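Asker: Once you've had a glance at the structure underneath, I'll fire off some questions.
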Amino acid sequence: MATNESNRTSVAIVGAGPNGVAMANMLGLYGIDTVIVEKTAQIVEFPRAVGIDDEALRLFQTAGLTDELSRDIIQNVPLRMFKANGTCFADIRPSVREFGWWRRNIFMQQLAEKTLREGLTRYPHVSLRTSEEVVELTQDEQGVTLRVRRGDGQLYTLEADYVIAADGGRSSVRQMLGVKLDGKTHPIKWVVTDVKNADLEQPCTALVCDPRRPSVCVYLPFNYRRWEFLVFPHENEEEIVKPQTIKRLIAPYVRNVDAIELVRVRTYTHHSRVAERFLVGRVALIGDAAHLTPPWVGQGLNAGLRDVGNLAWKLAGVIKGAFNADVLKTYESERRDHAKAMIDLADTFGAMLMPTSRTVAFLRDAFFSLARCAPGLRNYVLQMRFKPMPSYTNGLVLSGPSTAIGKMIVQPDVETSDGLRRKLDDVMGPWFSIIGWRCDPQAVLSPEDRAYWVSMGAKFVQINRSRSGMSRQGRVSSDYGTECVEDVDNTLAEWFEKHPGRLVLVRPDRYVAAQTDDAGLAEMTRRFQAFSSKQQETEHVC
């Protein structure tokens, strides 16, 4: 049956998993009318993502959700790797917090999704519609039309300026667009189970790299624990998910296997695939709809959240009239190559850590033995320096001599004029910011250029050395209303020494769009205006 009901929104998001709802929270923050369409009635309870990194927490910090999410997160969890004989050959626990958060944190996806959905209640212009499925999609230069089927079988039309496909690895939207997933599906499956009451004192993520049966054990919040076991080709998938089989696999690792409560069990196939396109007309793919990665470096969900961080502000800027529509093309140019790099890293990591070949296992052990003896290599491994960071050169960045351009800026604490410590992002705000190192960016800008950045909603921040004023009460201040803060831990002093140029344009996703000196500030403004819509039509986005 069909109804005559018609709906109109700026953005329609298909899929209310963590990436889709994170995107809705960001668009809600930016004041964009948003509708999420989700096929299922409730949050899925399968064993799913358990790792969240510093970049993802930084995104949620912008969305105003990190404090609440952290109530269900175990922060700074080490990753330990064990040989077949039980010897730990690597203990990875990154100590750096360059982006303001620990690099390795453990959570349970279903709890995070609940918090993210609760976050939507802050925004009356964002709505979540469950038990509804998109069955048809058409688009033209003016917008996108979705046909949506409700749980009772009735159909209605939802019109949107833009659509975001966040509907997972089997994305129906991606299939409607005819976009292929390039890559491979791994032949071996894994059985994954979440349990309660496991009598095991092992507060880490443990990779048991035993060729006889590679496995993973993850310490989870609230007395839960995750086990993952490789399923060999000759094993029956229906048999291996049975409670007695799961308990037999877990038994060698716990004191009393009978006390364990099996909460969830499911088998998974690992994929290493990336969509041939991330953007088709007015439809963007994010998360698993755009790329699928094995879990070995914990980047499946985190890669999707990078998509959210990259796309949300661009989409908001286009809809609000701050940018021309071509800016959306930079989403694909900035994200696709890095997503592929993370998949390649996961493939390499998995082949090295979870081999069923004793020869490969021997070579792996030899590598990590060498790493312990070579300080540079040891630091590279233990601080997770092997994780490739995004570095943008052909997107929404302005080329220049600084090596910081196109990379994420650090996030230390700074001290405000009233003596309070705050994270840098909280001072910069959720939109563009212009930072002046020991100078007021507004004092350097011409009146015309200052008016342009004000019309863009940019935040002006002056960072001074710690205790650079005349007294506690006589701190450095601005004649223009620029927020002045102090580099209380000298982290930014080191950053600016490494990256000369005392004026920095920081994007909403905390990547450096430009870095220059006083003489180059006017040219930076001119070049950035190439991304803008007609200047006289620009309005505040935040």
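Asker: Could you list which residues have their amide H under 5 Å from that of Asp210, counting only those 5 or more apart in sequence or on another chain, with H placed in the peptide plane?
Answerer: The list, which skips near neighbours in sequence, is Ser215.
Asker: Can you list which of the GluC sites (Glu not before Pro) found in segment 240-337 are DSSP loop residues with at most 15 other C-beta atoms within 10 Å?
Answerer: Here the GluC sites (Glu not before Pro) that fit, given the DSSP loop and packing criteria, are Glu276.
Asker: Could you tell me which of rounded, prolate or oblate describes segment 153-206, using a ≥ b ≥ c as the square roots of the eigenvalues of the alpha-carbon gyration tensor, with rounded for a/c under 1.5 and, failing that, prolate when a/b is larger than b/c and oblate otherwise?
Answerer: Details: a/c = 3.17, a/b = 1.97, b/c = 1.60.
Prolate, because a/c is 1.5 or more and a/b exceeds b/c.
Asker: Tally Lys and Arg at +1 and Asp and Glu at -1 over the other residues with C-beta under 13 Å from the C-beta of Asp347: what net charge comes out?
Answerer: +2
Asker: For semi-axes √(5λ) of the Cα gyration tensor in Å, the listed values are [x] 36, 28, 24; [y] 40, 31, 20; [z] 47, 35, 20; which was obtained by calculation from the structure presented?
Answerer: Looking at semi-axes √(5λ) of the Cα gyration tensor in Å for this model, the match is [y].
Asker: While we're on this one: Treating only the Cβ of Lys, Arg, Asp and Glu as charged (+1, +1, -1, -1), what charge dipole size does the chain show about its Cα centre? Round to the nearest 20 debye.
Answerer: Charge dipole of the chain: 1440 debye, to the nearest 20.
Asker: Give me the percent of DSSP beta bridges within segment 413-537 that run antiparallel, rounded to the nearest 5.
Answerer: Roughly 55 percent of the DSSP beta bridges within segment 413-537 come out antiparallel.
Asker: Say the dipole of the chain comes from +1 at the beta carbon of Lys and Arg and -1 at that of Asp and Glu; which of Phe496, Phe367, Thr403 then lies farthest toward its positive end?
Answerer: Towards the positive end, the residue furthest out is Phe367.
Asker: Still on this structure: Let me check against my output: what whole-number percent is the relative contact order of the chain, with C-alpha pairs under 8 Å and at least 6 apart?
Answerer: Relative contact order for the chain comes out at 15 percent.
Asker: Oh, and also: Any idea what the relative contact order of segment 170-313 is, in percent, if you count C-alpha pairs under 8 Å spaced at least 6 apart? Write down the numbers at each step before the final one.
Answerer: On the way: 227 pairs, mean separation 43.6, N = 144.
Across segment 170-313, relative contact order equals 30 percent.
Asker: Apply the a/c threshold of 1.5 to the C-alpha gyration tensor of segment 413-537 and tell me whether it is rounded, prolate or oblate.
Answerer: On the way: a/c = 1.82, a/b = 1.68, b/c = 1.08.
Judged from the Cα gyration tensor, segment 413-537 comes out prolate (a/c at least 1.5, a/b above b/c).
Asker: Find the centroid of the Cα atoms in segment 387-455 and in segment 70-114, then give the distance between the two in whole Å.
Answerer: What the calculation gives is 29 Å, centre to centre.
Asker: Please give the peptides 209-219, 280-290, 17-27, 487-497 ranked by average Cβ packing (other Cβ atoms within 10 Å per residue), highest first, as a rough proxy for protection. Please report the intermediate quantities before stating the final value.
Answerer: Values: 209-219: 19.5, 280-290: 25.8, 17-27: 27.7, 487-497: 17.1.
The most tightly packed comes first, giving 17-27, 280-290, 209-219, 487-497.
Asker: Right, another one. Skipping prolines and chain starts, which residues have an amide H placed within reach, meaning under 5 Å, of the one on Glu136, given they are 5 or more residues away or on another chain?
Answerer: Here the answer is Arg147, since their amide H atoms fall under 5 Å of that of Glu136.
Asker: Let me ask you something else. Along the Cα→Cβ direction, 7 angstrom out, place labels at Arg465 and Gln175. What is the inter-label distance in nm?
Answerer: Those two pseudo-labels are separated by 6.3 nm.
Asker: Which residues in segment 199-217 place their backbone N less than 17 Å from a point set 7 Å from the Cα of Arg358 along the Cα-to-Cβ direction?
Answerer: Label zone hits: 209-214.
Asker: Multiplying the sequence separation of Glu261 and Glu201 by 0.36 nm and subtracting their Cα-Cα distance, what value in nm do you get?
Answerer: In short, 19.9 nm is gained.
Asker: Now a separate question. Quick one: of the DSSP bridges fully inside the chain, what percent are antiparallel, nearest 5?
Answerer: Expressed as a percentage, antiparallel bridges in the chain total about 65.
Asker: Net charge within 14 Å of Val485 by Cβ-Cβ distance, Lys/Arg positive one each and Asp/Glu negative one each, not counting Val485 itself?
Answerer: Taking every other residue near Val485 into account, the sum is -2.
Asker: Determine, for each peptide in 231-240, 52-61, the mean count of other beta carbons within 10 angstrom over its residues, then list the peptides with the highest first.
Answerer: 52-61, 231-240
Asker: Please say if segment 194-252 is rounded, prolate or oblate, where rounded means a/c under 1.5 for a ≥ b ≥ c the square roots of the C-alpha gyration tensor eigenvalues, and otherwise the choice is prolate for a/b larger than b/c and oblate otherwise?
Answerer: oblate
Asker: Turning to a different aspect of this structure: Can you give the net charge of the other residues whose Cβ lies under 12 Å from the Cβ of Asp509, counting K and R as +1 and D and E as -1?
Answerer: Net local charge, Asp509 excluded: +3.
Asker: To continue, here is another question. Which is farthest toward the positive dipole end of the chain among Leu155, Thr330, Trp453, measuring Cα position about the Cα centre, with Cβ charges +1 (Lys, Arg) and -1 (Asp, Glu)?
Answerer: So the residue furthest toward the plus end is Thr330.
Asker: I've got another one for you. Could you point to the residue in Leu207, His125, Asn464 farthest towards the positive end of the chain's charge dipole, with +1 and -1 charges on the Cβ of Lys/Arg and Asp/Glu respectively?
Answerer: Highest projection toward the positive end goes to Leu207.
Asker: Run down the lysines and flag those whose C-alpha is under 19 Å from the C-alpha of Lys196, throwing out any fewer than 8 positions away in its chain.
Answerer: Candidates past the 8-residue exclusion: Lys242, Lys247.
Asker: While we're looking at this one, here's another question. By how many nm would the segment from Phe232 to Gln75 grow when fully extended, if each residue of separation counts as 0.36 nm and the alpha-carbon distance is taken off?
Answerer: Between Phe232 and Gln75, full extension yields an extra 53.2 nm.
Asker: Provide the gained length on full extension for the span Thr40 to Asp182, in nm with one decimal, where the gain is 0.36 nm per separating residue minus the Cα-Cα distance.
Answerer: Contour length minus Cα-Cα distance gives 48.4 nm.
Asker: Considering the zone a paramagnetic label at Arg213 would reach in this model (a point 7 Å from Cα along the Cα-to-Cβ line), which residues of segment 249-290 have amide N under 15 Å from it?
Answerer: Residues 249-255, 257-258 qualify, since their backbone N sits under 15 Å from the label point.
Asker: Can you list the DSSP H helices in the chain whose Cα atoms extend at least 24 Å along the helix axis and whose mean Kyte-Doolittle hydropathy is 0.0 or higher? Write out the running numbers ahead of the final one.
Answerer: Values: long enough: 300-320 (31 Å, 0.39); 329-353 (37 Å, -0.62).
TM-like helix candidates: 300-320.
Asker: Which whole-number percent is the relative contact order of segment 413-537 (Cα, under 8 Å, 6+ apart)?
Answerer: 27 percent
Values in this text are rule-based calculations from the coordinates and carry no lab data. Computed from a predicted structure; not experimentally measured. All Cβ positions, glycine included, derive from the backbone under ideal geometry; neighbour counts span all protein chains shown.
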